Amino acid sequence: MSPESKCFQAEDAPLSLTNRRPHVLRGLVEVGLVFGLIIIVVWTPLGRLNTAVTVLAAGGILWLTLRGPYSAREAGLTQPMNGLPAILAAGMLAILAVAILGLLLRSLGSAHPVALERSWQYCIWAMLQEFILQSFFFLRLESALGARRAVFVAAGLFSLAHIPSPVLTIGGLVGGCLFCELFRRYRNIIPLGIVHAGLGLTIAAALPDSMLHHMRVGLGYLTHP
């Protein structure tokens, strides 16, 4: 582990201002900038501006991740079996709960058919979302706020990115807390990405599309016919 790392802290309390290392405050700025770019992407129509900001956000995340100071182990990339049973069990329970909720809400309309040929694309996107949420946002928030506070703040950011979809905003907060807590305990992003993908596909297949608008968020949710 890097000697500069602030992950796996012995205490959850934020560091005092006098003991904070420079990368902690830098990390908060990085979180703010990247989250701001994500919000712009979510709330701008498809076109040149949207594409340019998307590329800028993706490039920024990649560049800031490569320049450190967090290790691959801290980012959850080197222990694929760590906490695997617990993560998969929690994911299966969450998927079951969504499936039951879908049965209870059938009177509100049918779900949008999930295209199998696009499911693999969503699986990749789910893994990328977990990387951004955990390996980028959570690590930096943990350095500044402590691990337990970072769980709720990171989950809050994840939820805000899903406004104004009521299902995905609430689900993002609950699911974000679950994902971040599992990451806090086990530092294993791979099964989290798998669970995220399974949960997202279950939501799309089980819940009424009148509430989901094809799983869109931001401007796309409001402009969906």
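Taken together, the values in this text are just the output of simple stated rules run on the coordinates, not laboratory data. Quick caveat, the model's predicted, so the values are computed rather than measured. As a convention, Cβ positions derive from the backbone with ideal geometry for all residues, glycine included, and neighbour counts pool all protein chains shown.
Using just its DSSP H runs of length 4 or more, each adding -39500 (n - 2.57), the chain gives a mean residue ellipticity at 222 nm of -21000 deg cm²/dmol after division by all residues.
A simple charge model with +1 on the Cβ of Lys and Arg, -1 on the Cβ of Asp and Glu and nothing else charged puts the dipole of the stretch 130-225 at about 320 debye relative to its Cα centre.
Run through the stretch 100-184 and list the chymotrypsin sites (Phe, Trp or Tyr not before Pro) located in a DSSP loop whose Cβ has at most 14 other Cβ atoms within 10 Å. All intermediate terms of the calculation are to be shown ahead of the outcome.
Details: sites: 120, 122, 125, 131, 136, 137, 138, 152, 158, 179, 183; in loops: none.
For chymotrypsin sites (Phe, Trp or Tyr not before Pro) across the stretch 100-184 that sit outside H, G, I, E and B with at most 14 neighbouring Cβ atoms in 10 Å, the list is empty.
Cα-Cα pairs above 30 Å in the stretch 22-223: how many percent? Tail of P(r) above 30 Å: 20 percent of Cα pairs.
What the phi angles of the stretch 187-203 give under the Karplus curve with 6.51, -1.76 and 1.60, with θ = phi - 60°, is a coupling list of 6, 9, 7, 5, x, 5, x, 5, 5, 4, 5, x, 5, x, 5, 5, 4 Hz, glycine and proline written as x. With contacts taken as Cα pairs under 8 Å at a separation of at least 6 residues, the chain carries a relative contact order of 33 percent.
Extending 7 Å from Cα along the Cβ direction at residue 112 and again at residue 63 yields two label points whose distance is 3.3 nm.
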